[in-house]
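Colleague: Following this message is one structure expressed as structure tokens.
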Amino acid sequence: MKIQSLRGMPDLFPENLEKWHKFESALKKIFHSFGTNEIRTPLLESTELFSRSVGNASDIVNKELYSFLDRNEESISLRPEGSASVIRAIIQKKQEQEKHKLWYQGPMFRYERPQKGRFRQFHQVGVEYLGFEEGISEYELISMVLQINKLIGISDYTIKINHLGDQNAKESFCKSLVSFIQPHIKELHDKDQARLKNNPLRILDSKETSTQALLKEGPKFKDFISEESKNFLQNLVDTYKNDCDMQIDQSLVRGLDYYTGIVFEAASKDLGAQDAFLGGGRYDNLSNHLGGKDMNAIGFAIGVERIVELLSEKNMNQSLKVGFIISGEQIDKKTYKIAENLRSANRNIILDTFLGQGSLKSQLRKANKNNCSYVIIIGEEEYKNDQVIWKNLDGSGEQELLSQKEAIKKYTNL
Ligand code: HAM
């Protein structure tokens, strides 16, 4: 029997990864321009890290963690997200009192029901700003989100945003929500009854129309948070409302327990049911919660599979490709040296060497199939005379004979 990959854990082939690389290099430029530095944390962490941060009652910890006992009988888990590990790392380094602007990327694992846009191994690129209180950092992160979307050419999306207040406001809202729903509990779907018992705020995400109708009359976050928080939220929305579709959503709480303050999500209807391609918010209490000193924190993470789905070819400048064809018997180190010189002359171009395999015709076919704009051909004659044929693959059939020196010059200026 053939061995298959695990459900929801797809392989990524070169043809899938081309867009990923474009996206990642665009992102790196943005992170660089914001003075944000990379951090790498392990894929495996103690299970307790996630139960104490993301929350025991959250779906992510309760139902979706890949946890197991290691050889030392300790419960460890594959990370379902990156923020908890970043905070753990900074606490461990005793740097809670410094300021950090960090980004990370890599695979995350959640045992969810696989469907379009939802995987069990998926990838995130995340940003965490640590040591900055509510204020400019919210503006800076929203501005970063807009710049990312602009640079990679995503325009049709909505940012939903809410303010959860501080821990007290969040708890008061939660109590009020429970007492509002309690008299109607029998009318609720089983799933929502369980939510009310285990993690009441999650009921706001219910897809049941009857629950949503009931919630319309229920308590609203805006009645539990301070005037200052309300103004902060409104000013944030007013600042960016001309740059994107940004809407206050009173029922946005997000699925991780650690948030207080601003929370936000970006979604695109082009993605279907799993439409959120980015989510984040403030989580000032997490450091304390994990045994560290006080440390303000805010961040967001992008779902790479989802954002890449939104990128059309035209949004991603393709690198120019040139085919390098050696025809005849003269394949030796000296011929290959020409390829080496071309690559050194211009590293922005993909020089597609077919490693001299196949006839001239079949190599030309490969060059066309691989979307090469030009081919450089070296046959017996050209080899003898230190020349190359430079051929246009735009359908015009144009070609010229160049000395190797001229070819390198032309290649440098492409
Ligand atoms: P999250 O909303 O759970 O937040 O995940 C962020 C993004 O990861 C989602 O918007 C989605 O695009 C993607 N994502 C989540 N689960 C899956 C899945 N099963 N398959 C494919 N994509 C998925 C967090 O993880 C927080 N740590 C974000 C954050 C950083 N908050 C503050 N700092």
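The values are calculated or read from the model by the stated rules, or taken from the named source; none is laboratory data. The shown structure was predicted, so the numbers you read here are calculated from the model rather than taken from an experiment. Note: ideal-geometry Cβ built from the backbone for every residue, glycine included; neighbour counts use all protein chains shown. Each accessible area value is taken on the protein alone, full model and side chains, heavy atoms only, with ligands, DNA and RNA left out. Shrake-Rupley method; radii C 1.70, N 1.55, O 1.52, S 1.80 Å.
Colleague: Residues in the range 183-209, backbone N under 16 Å from the label point at residue 56 (7 Å along the Cα-to-beta-carbon vector): list them, ranges by number please.
Modeller: Residues 197-200 qualify, since their backbone N sits under 16 Å from the label point.
Colleague: Right, next: So what does residue 373 come to for accessible area, using a 1.4 Å probe and Å² rounded to 10?
Modeller: In the full protein context, residue 373 sits at about 40 Å².
Colleague: Moving to a separate point now. Which residue fluctuates most in the GNM of the chain (Cα springs below 10 Å): 59, 11, 294?
Modeller: Taking springs between Cα atoms under 10 Å, the residue moving most is 11.
Colleague: Pop out the carbon and sulfur fraction of the accessible area of the chain as a percent, whole number, probe 1.4 Å.
Modeller: Ligands and nucleic acids excluded, carbon and sulfur reach 48 percent.
Colleague: For the chain, with a Gaussian network of springs between Cα atoms less than 10 Å apart, report the residue from 65, 44, 164 with the top mean-square fluctuation.
Modeller: 44
Colleague: Compute the length gained on full extension between residue 357 and residue 339: take 0.36 nm times their separation in residues and subtract their Cα-Cα distance, giving the result in nm to one decimal.
Modeller: Stretched fully, the residue 357-residue 339 segment lengthens by 5.0 nm.
Colleague: Here is a further query. With r as the distance between the Cβ atoms of residue 273 and residue 21 and R0 = 30 Å, compute the FRET efficiency 1/(1 + (r/R0)^6) and round to 0.05.
Modeller: 0.65
Colleague: Accessible surface of residue 243 in the full protein assembly, 1.4 angstrom probe, to the nearest 10 Å²?
Modeller: 100 Å²
Colleague: Working out 0.36 nm times the residue gap between residue 319 and residue 249, then minus their Cα-Cα distance, what length gain in nm do you get to one decimal?
Modeller: 21.1 nm
Colleague: For the chain, what does the accessible surface come to per residue with a 1.4 Å probe? Please give it in Å².
Modeller: Solvent-accessible surface per residue comes out at 53 Å².
Colleague: Please give the length that would be gained between residue 68 and residue 237 if that part of the chain were fully extended, namely 0.36 nm times their separation in residues minus their C-alpha to C-alpha distance (nm, one decimal).
Modeller: Residue separation times 0.36 nm, minus the Cα-Cα distance, leaves 56.5 nm.
Colleague: Quote the accessible area belonging to residue 208 in square angstrom, nearest 10, computed with a 1.4 Å probe and with ligands, DNA and RNA left uncounted.
Modeller: Approximately 70 Å² of residue 208 is accessible to the 1.4 Å probe.
Colleague: Could you check which residue among 146, 351, 204 shows the biggest mean-square fluctuation in a GNM of the chain with a 10 Å Cα cutoff?
Modeller: So, out of 146, 351, 204, the one fluctuating most is 351.
Colleague: Continuing with the same structure: If one computes the Cα centroid of the range 237-292 and of the range 27-90, what distance in Å separates the two points?
Modeller: For the range 237-292 versus the range 27-90, the Cα centre distance is 18 Å.
Colleague: Distance cut-off 20 Å, Cα to Cα: go down the list 101/170; 337/366; 160/222; 160/216 and report the pairs above it.
Modeller: 101/170; 337/366
Colleague: Given a Förster distance of 22 angstrom, what is the FRET efficiency for residue 94 paired with residue 46, based on the Cβ-Cβ distance and rounded to 0.05?
Modeller: Efficiency computed from Cβ-Cβ geometry: 0.75.
Colleague: Another question, if that's okay. Between residue 413 and residue 113, what is the FRET efficiency for a Förster distance of 41 Å, r being their Cβ-Cβ separation, to the nearest 0.05?
Modeller: According to the calculation, E is roughly 0.15.
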